[in-house]
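Here is the structure we will look at, set down as structure tokens.
The values are calculated or read from the model by the stated rules, or taken from the named source; none is laboratory data. If you're wondering where the values come from, they're calculated on a predicted model, not measured in any experiment. Note: ideal-geometry Cβ built from the backbone for every residue, glycine included; neighbour counts use all protein chains shown.
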Amino acid sequence: MMRSRISKLFGFLVIFSSLFQLGITAANTGSTKPQAYVTLLYGDEFLLGVRVLGKSIRDTGSKKDMVVLVSDGVSDYAKDLLQADGWIVEVISLLANPNQIRPKRFWGVYTKLKIFNMTKYSKVVYLDADTIVVKSIEDLFKCQKFCANLKHSERMNSGVMVVEPSDKIFKDMMSKITTLHSYTGGDQGFLNSYFTGFANAHVFEPNLSPEVMKSRPVPEMERLSTLYNADVGLYMLANKWMVEEKELRVIHYTLGPLKPWDWWTSWLLKPVDVWQLSGATQNVREQLQETLPGTGGGSNPNDDRVVKFLFLLPLLALVFCFYRSFAKMQKDFFVSTNSLCDNIRHVYYRFRSGGGLAYSAVGVSPTSIISSKEQFPIGSHPPAYLGGLSVLVCFTAALVSLGLAFSLVPRQVMPWTAHSGALSTNSESFAYEAGKGHQRHVSACDAASWYYGLGMAFLAVTAPSLPCLFGITALFPSAGLETVLLVGTYHFWSGSKKLESCLPSKVGINGCWWNNFGLFYDICLRALGDQSIFEGLGRAGCPSDKNVEEPLTSTNSTNNLGFRNSKEIMAAEANLLVGTYNRAAVVIASGKGCTLYDVEGKEYLDMASGIAVNALGHGDEDWVNAVTQQANILTHVSNVYYSVPQLELAKRLVDGSFADRVFFCNSGTEANEAAIKFARKYQRFSNPDEKQPATEFISFTNSFHGRTMGALALTSKEQYRLPFEPVMPGVSFLEYGNMEAAKEAIQRGKTAAVFVEPIQGEGGIYSATKEFLQSLRDACDAAGSLLVFDEVQCGLGRAGYLWAHEIYGVFPDIMTLAKPLAGGLPIGAVLMTEKVASAVNYGDHGSTFAGSPLVCNAAVAVFDKVTKPGFLASVTKKGEYLKEMLLQKLGGNKHVKEIRGTGLIVGVELDVSAAPLVDACRSSGLLILTAGKGNVVRIVPPLVISEQELELGVNILSKCMSAIDETLDFLVLSLFFAD
């Protein structure tokens with residue numbers, strides 16, 4: 001019995017031990033799940049990419065599983081090839097993109113998230129199908145739960161990722177897939193939103209010892225270095241990374257459809273050492289079989305030399321274009337007197353300037369095109385054969401390029417060709433139903449696919465010219481630079497000849513010559529693809545100053561926000577600033593003298609001067625020195641303390657005017673607001689016994705005194721006032737120049753002050769008469785009212801006198817100043833007599849920023865220059881010259897009603913809106929303003945402008961007058977042919 005019990009007990013122990021061992025084995029088995037490399041394939045277009053990726057992984061010696069997740073759109077033929085290469089093929093359904101607004105090609109990219117659900121693997125390394133492994137990356141499996149590469153210091157790139165699959169994480173992603181924002185509209189944007197703290201994750205360090213790995217907390221996320229995800233793109237031909245090429249592990253080709261394994265496109269990329277696989281002597285494409293898709297015709301490596309030559313044929317045509325010999329050829333082929341090349345350039349300049357093709361651009365108008373006799377130096381004619389040869393080359397280049405695009409470029413470049421070919425052989429494998437396939441896999445009849453294919457073909461045709469033309473690749477370092485010099489020299493020469501034919505006789509060519517040469521030299525040194533010597537010819541002429549400096553455009557100025565062009569800047573502003581300004585579509589980057597430059601480098605002759613602000617132009621040396629020197633000493637202390645620059649400016653203003661005292665503020669509107677308060681305070685101070693002293697104000701038609709509530713009440717334009725009513729009450733508007741009406745209103749005794757502009761700027765450039773201002777002076781004196789002259793725009797030299805009221809010999813009690821006073825820095829000033837100032841006490845008014853040392857020192861520099869002997873006389877002379885030129889050029893135009901103004905504040909009144917003319921001038925490189933009811937062209941250039949620049953501006957204005965009729969014709973046609 002005992003033996004039986006012992007036997008049973010022993011058997012039980014054996015069974016228990018076996019079960020325990022099986023449990024341990026099962027546990028160990030569960031903890032040793034395999035690891036794998038994973039990629040995705042949506043269609044056959046990137047089949048070759050996956051095959052190249054697999055070969056590159058195996059060539060590094062890796063034995064781990066390679067898994068490719070394929071969608072229903074992948075053919076059985078492709079699956080068989082992948083399995084033969086050693087890939088484990090797993091068919092999956094596409095995960096639809098939940099974003100309504102997304103790029104069309106992003107339809108199924110969220111499918112990449114399914115790698116987080118591959119729980120049968122303990123860890124997976126995901127690689128995009130356009131990556132190549134050039135060195136072992138087995139150490140990536142040491143990463144923790146999630147690793148990826150960080151681009152641009154803030155965004156994660158999903159091209160290479162290490163993932164620890166988790167059913168919990170995947171379900172959480174699926175629950176948030178419709179709520180988390182994706183900045184790209186695809187999976188990468190979603191992952192950046194999901195892993196919010198990724199930018200702060202520690203960098204993955206594969207060489208840490210096991211002891212250190214065990215001692216530190218397990219990180220949720222780690223960042224991969226550039227070693228594991230090095231981008232190569234069309235604009236990264238030099239392959240410049242922060243690490244040595246020999247250290248790189250994974251190369252990621254971000255060229256879209258153009259990939260390095262294609263025979264006909266691989267030569268676009270610089271064949272650097274990273275193409276060499278570990279231990280191999282041949283590069284990637286030389287190791288591929290000739291039968292692989294995308295390599296057709298590439299059995300002979302020398303074929304690509306022929307392809308290079310054929311692709312570069314269009315450049316030969318360009319050389320003939322730069323000789324501009326088409327004028328000779330056109331006598332036999334076209335009914336035209338102008339060179340076809342000139343006409344193309346004409347359209348090109350207009351397009352680059354941002355203007356409509358209906359507008360005439362000065363310097364590129366048909367009247368300025370050089371005749372065929374001026375095509376070559378010393379009056380020589382182009383040989384007869386040259387024109388015919390150029391035509392032959394052009395047509396040959398076009399036909400060959402088109403043939404290459406449709407016949408030779410592989411299906412990675414034109415996806416629909418592969419699709420169409422497959423339809424004839426195995427149409428079932430390419431069935432595309434709702435929710436199946438992928439948008440990269442397009443229908444042959446889809447119009448969008450044709451546009452896409454043509455675009456890619458165009459890229460394939462034109463991209464080869466970039467390395468040669470701009471010398472930015474090691475393929476043709478010397479030939480590329482020589483081409484730049486050759487083409488640039490002829491273009492530079494022809495541009496100078498064209499300038500000579502269209503510039504006014506008084507405008508020298510030297511300034512523009514050196515300006516264009518500087519831009520051309522800049523191209524050769526920097527090899528910038530988006531810069532051109534065309535830029536310097538945005539308008540046909542420059543100031544005749546001998547020392548013309550290079551414009552400080554966006555290419556050589558700091559852009560901390562990373563904007564690449566004006567469109568991006570304008571789009572960004574639309575989301576940030578309050579929409580109070582209807583801006584012109586120009587982003588000004590810099591200025592010098594009377595010339596401004598936008599971020600693209602286009603020049604503009606500034607005859608608006610920041611709305612009559614930049615009296616000394618841009619970058620005046622004395623003004624700059626005054627500002628920089630004061631900035632190094634003291635900028636702001638508030639009006640709690642005294643400062644010397646404020647005292648110096650006040651003394652100059654008092655000594656040079658009727659005034660006894662000055663109050664400083666920050667703008668013209670603030671100056672008028674202060675004048676309102678001072679006028680009311682004066683009436684209470686002067687009439688202490690009256691219970692209701694005078695509190696009302698008189699203003700005039702077409703007046704503009706500012707946009708804050710008090711100044712707005714004095715502004716006559718209803719469109720400014722009505723949205724904000726009720727404004728300050730007690731304001732009467734009288735007809736500007738009506739002496740009797742003004743005298744009658746003032747005599748009622750309720751008027752605290754009369755506000756009047758000696759020359760109305762915003763109102764339409766209307767000048768008062770001596771009789772009118774004198775009648776106001778007499779009526780105010782009789783009634784005890786104050787007379788306030790608003791010289792915010794017309795004062796400080798603008799009218800050829802220091803103060804505009806000096807023209808009439810009538811002096812006010814108060815004068816407000818602002819715009820030109822500090823040369824561009826914010827300032828306002830209220831000048832007044834002692835009788836007004838005596839009514840103002842401590843605390844009656846004030847401003848934190850007003851009269852700062854920095855701004856006052858700038859204003860001192862402006863005042864000193866304006867009051868130099870001869871300066872004001874030169875303003876008067878230039879003003880008369882400007883009006884004389886306007887009368888000469890525009891006086892006979894049917895739309896010009898009147899040309900008026902004093903000094904350098906001039907208006908051209910039209911019988912129609914001036915907006916089309918202002919827009920046309922801006923497109924042609926001239927900045928002017930509107931005024932009045934929108935029918936007056938306002939010209940308020942810097943006071944330092946030269947007569948040559950004035951003549952240039954008038955020429956541009958004259959040539960752009962046709963824009964008025966073209967706009968009217970368009971409106972008439974719209975009325976008759978509107979839907």
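Go through 640, 644, 613, 627 for me and flag whichever is in contact with a helix residue (DSSP H, G or I) (Cβ under 7 Å, 6 or more places away or on another chain) and among the β-branched types (Val, Ile, Thr).
From the options 640, 644, 613, 627, the qualifying one is 627.
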Inspect all residues belonging to the stretch 171-182 and state whether any of them is surrounded by fewer than 21 Cβ atoms within 10 Å (Cβ to Cβ), among the small types (Gly, Ala, Ser) and assigned to a helix (DSSP H, G or I).
yes
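Across the stretch 695-727, what is the total count of residues that are in a helix (DSSP H, G or I) and either out of contact with any helix residue (DSSP H, G or I) (no Cβ under 8 Å at 6 or more places or on another chain) or outside the structural domain of residue 781 (by TED's automatic domain parsing) (or both)? Steps first, please.
Just the residues of the stretch 695-727 that are in a helix (DSSP H, G or I), to begin with: 709-713, 718-724.
Filter once more, so that each one left must be either out of contact with any helix residue (DSSP H, G or I) (no Cβ under 8 Å at 6 or more places or on another chain) or outside the structural domain of residue 781 (by TED's automatic domain parsing) (or both): 718-719, 722-723.
Number of matching residues: 4.
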Residue among 787, 776 that alone is within 21 Å of residue 713 (Cβ to Cβ), part of a helix (DSSP H, G or I) and of a type in the set (A, V, I, L, M, F, W, C)
776
Report whether or not residue 844 is of a type in the set (Asp, Glu) and at pLDDT below 95.
yes
What number of residues within the stretch 649-684 satisfy the criterion of being surrounded by fewer than 16 Cβ atoms within 10 Å (Cβ to Cβ) and out of contact with any Asp or Glu (no Cβ under 9 Å at 6 or more places or on another chain)?
3
Given the conditions (1) surrounded by fewer than 20 Cβ atoms within 10 Å (Cβ to Cβ); (2) in contact (Cβ under 8 Å) with a residue 40 or more places away in the chain; (3) in contact with a helix residue (DSSP H, G or I) (Cβ under 9 Å, 6 or more places away or on another chain); (4) over 14 Å from residue 961 (Cβ atoms), every one holds for residue 943 apart from (1)
Scan of the stretch 599-625 for residues that are closer than 24 Å to residue 814 by Cβ and surrounded by fewer than 22 Cβ atoms within 10 Å (Cβ to Cβ), ordered by number
611, 613
I'm trying to understand the selection: among the residues of the stretch 616-632, which are in contact with a strand residue (DSSP E or B) (Cβ under 6 Å, 6 or more places away or on another chain) and either among the basic types (Lys, Arg) or under 22 Å from residue 939 (Cβ atoms) (or both)?
616, 617, 618, 619
Being under 22 Å from residue 876 (Cα atoms), touching a Cys at 6+ places or on another chain (Cβ under 9 Å) and not basic (Lys, Arg) narrows it down to one residue among 761, 795; which is it?
761
Going by the conditions given, is residue 679 in the same structural domain as residue 772 (by TED's automatic domain parsing) and modelled with pLDDT of 95 or more?
yes
For the stretch 700-719, enumerate the residues that are under 16 Å from residue 672 (Cα atoms) and out of contact with any His (no Cβ under 7 Å at 6 or more places or on another chain).
700, 703, 704, 705, 706, 707, 708, 709, 710, 712, 713, 716
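One line per residue, one yes/no per condition, for (1) among the basic types (Lys, Arg); (2) modelled with pLDDT under 90; (3) in a loop (DSSP other than H, G, I, E, B); (4) not assigned by TED's automatic domain parsing to the domain that holds residue 929:
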site	(1), (2), (3), (4)
558	no, yes, yes, yes
562	no, yes, yes, yes
585	no, yes, yes, no
591	no, no, no, no
Could you go through the stretch 626-645 and let me know if any residue there is touching a Phe, Trp or Tyr at 6+ places or on another chain (Cβ under 8 Å), crowded, with 17+ Cβ neighbours inside 10 Å, in contact (Cβ under 8 Å) with a residue 60 or more places away in the chain and closer than 16 Å to residue 827 by Cβ.
no
Could you run through the stretch 850-903 and say how many residues are hydrophobic (A, V, I, L, M, F, W, C) and in a loop (DSSP other than H, G, I, E, B)?
1
Residues of the stretch 728-742 being surrounded by fewer than 17 Cβ atoms within 10 Å (Cβ to Cβ) and in a helix (DSSP H, G or I), in sequence order, are 740, 741
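Just wondering, is there one or more residues in the stretch 717-726 that are polar (S, T, N, Q) and modelled with pLDDT under 95?
Scanning the stretch 717-726, I find at least one residue that is polar (S, T, N, Q) and modelled with pLDDT under 95, so the answer is yes.
Quick grid of which residues meet (1) hydroxyl-bearing (Ser, Thr, Tyr); (2) modelled with pLDDT under 80; (3) surrounded by 22 or more Cβ atoms within 10 Å (Cβ to Cβ); (4) touching an Asp or Glu at 6+ places or on another chain (Cβ under 8 Å):
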residue: 20; (1), (2), (3), (4): no, yes, no, no
residue: 41; (1), (2), (3), (4): no, no, yes, no
residue: 76; (1), (2), (3), (4): no, no, no, no
residue: 89; (1), (2), (3), (4): no, no, no, no
residue: 108; (1), (2), (3), (4): no, yes, yes, no
When you look at residue 862, is it under 30 Å from residue 965 (Cβ atoms), modelled with pLDDT of 95 or more, touching a Gly at 6+ places or on another chain (Cβ under 8 Å) and not assigned by TED's automatic domain parsing to the domain that holds residue 772, yes or no?
no
Of these, 836, 830, 840, 866, which one is closer than 19 Å to residue 618 by Cα and among the aliphatic types (A, V, I, L, M)?
866
Subset of the stretch 866-892 (residues that are in contact with a strand residue (DSSP E or B) (Cβ under 9 Å, 6 or more places away or on another chain) and either surrounded by fewer than 15 Cβ atoms within 10 Å (Cβ to Cβ) or under 17 Å from residue 943 (Cβ atoms) (or both)):
876, 879, 882, 883, 887, 891
Residue check, residue 772 of a type in the set (Phe, Trp, Tyr), assigned by TED's automatic domain parsing to the domain that holds residue 791, in contact with a Gly (Cβ under 8 Å, 6 or more places away or on another chain) and at pLDDT 95 or above
yes
Selection from the stretch 695-712 of residues that are closer than 13 Å to residue 754 by Cα, of a type in the set (A, V, I, L, M, F, W, C) and out of contact with any Ser or Thr (no Cβ under 6 Å at 6 or more places or on another chain)
697, 700
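What is the residue count in the stretch 651-710 for residues that are of a type in the set (Asp, Glu) and in contact (Cβ under 8 Å) with a residue 40 or more places away in the chain?
Residues in the stretch 651-710 being of a type in the set (Asp, Glu) and in contact (Cβ under 8 Å) with a residue 40 or more places away in the chain: 3 in total.
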